[in-house]
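K.L.:
Below is a structure I'd like to ask you about.
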Amino acid sequence: MDKRARYRDFSGFLAELFPFKVQKISLNAGFTCPNRDGTKGYGGCTYCNNQTFNPDYCRTEKSITRQLEEGKVFFAKKYPEMKYLAYFQAYTNTYAGVGELKRMYEEALGVEDVVGLVIGTRPDCMPDALLDYLAELNKRTFLLVEYGIESTDDETLRRINRGHTFACTEDAVRRTAARGIRTGGHVIVGLPGEAEREKVIRQAGILSRLPLTTLKLHQLQLIKGTRMGQEYAGHPENFHLYTADEYIDLVIDYIEHLRPGLVLERFISQSPKELLIAPDWGMKNYEFTARLRKRMEERDAWQGKFFQK
Ligand code: SF4
């Protein structure tokens, strides 16, 4: 790791793969979620209000092609030469039969200037038959499968009603990576019971030992209309909501304990203001990364500084 780069970022990773600028376009392909419909559980994860996933250009009633075309218009105003990754983001994007999924993914890839797919899903929704198809797809196009890991601790996973264990995550990540597919993970920092620094840092070590290509961190946000929002209203003392400065220092500690080659895609989420209970930092992603880099320089921190194999 070149210490001056401080950490391996997603845009640098894409620049290694593509000779042009690439932007993700979020899609809502009309999937549901097995943790809501009773297949894996009812009620969903306690922090989830799926409205927070969807930008205005992506509405379920619109076809995948239309969502991509509208997304392209939105981004092409600024960068006419831009190419795109179709990001199957909302709900669980592998929750259908292989034939149906194939139709949707291929539709996205048929749109002009779409150069790959990012598929967000749960680790308990990745059957081998689908992975076999994705392995074949991976030979033809850029593919990243992104798993909602959220926590490496089974007690926390139970508490947030995830409906799967960390062993399930490990299994899905290993099966995916073993087929040569780039595999991503998403975790939430500061879930109830996980606020202490030592616990957060331990997670960085555990995730570093998985064959992940990319990782996204998000601060815990409490969202209106969620079970966790109600829990917070009843017992705010059970939650530790970080200030932005506190979170920046915690993220730096985390990064210092991560495997050097792991690509770090983002560190915060930005839920729409009208849905957010707390914390309200009013900070955009690029503002956060600018502050993070500045603080990393002040601390002379870099990814992997304290990583132990
Ligand atoms: S976070 Fe994902 S898995 Fe959990 S309820 Fe929401 S859509 Fe389903």
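The values are calculated or read from the model by the stated rules, or taken from the named source; none is laboratory data. Keep in mind that this is a model prediction, so the values were computed, not measured. Glycine gets a Cβ as well: all are built from the backbone with ideal geometry, and neighbour counts include every protein chain shown. Note: areas computed on protein heavy atoms with side chains; ligands, DNA, RNA excluded. Shrake-Rupley method; radii C 1.70, N 1.55, O 1.52, S 1.80 Å.
K.L.:
Would you mind checking which residues have amide H under 5 Å from residue 278's amide H? H placed 1.01 Å from N; only 5 or more apart, or other chain.
P.N.:
So residue 278 has HN proximity to 222.
K.L.:
Sorted from largest down, what three extents in whole angstroms do the Cα atoms of segment 10-299 have along their principal axes?
P.N.:
Largest to smallest, the principal-axis extents are 50, 46, 38 Å.
K.L.:
Okay, moving on. What does the highest-first list of 285-291, 211-217, 226-232, 303-309 look like by mean Cβ count within 10 Å?
P.N.:
Per-residue mean Cβ counts within 10 Å order the peptides as 211-217, 226-232, 303-309, 285-291.
K.L.:
From the helices alone, meaning DSSP H stretches of at least four residues, give me the mean residue ellipticity at 222 nm for the chain, per-run term -39500 (n - 2.57), in deg cm²/dmol to the nearest 500.
P.N.:
-11000 deg cm²/dmol
K.L.:
On a 24 Å Cα-Cα criterion, which of the cross-link pairs 83/139; 24/294; 72/102; 72/224; 62/83; 21/224 come out too long?
P.N.:
The pairs that break the limit, which is 24 Å between Cα atoms, are 24/294; 72/224; 21/224.
K.L.:
Also, I was wondering about something else. State the percentage of accessible surface on the chain attributable to carbon and sulfur atoms; use a 1.4 Å probe and exclude ligands, DNA and RNA.
P.N.:
50 percent
K.L.:
Sticking with this one: For residue 309, give me every one of the lysines with a C-alpha distance below 27 angstrom, ignoring sequence neighbours fewer than eight places off in its own chain.
P.N.:
Counting by Cα, and skipping residues close in sequence, residue 309 has these lysines nearby: 3, 199, 216.
K.L.:
May I ask which residue of 275, 108, 38 lies farthest towards the positive end of the charge dipole of the chain, with charges of +1 (Lys, Arg) and -1 (Asp, Glu) on Cβ and the Cα centre as origin?
P.N.:
Going by the Cα projections, it comes out as 108.
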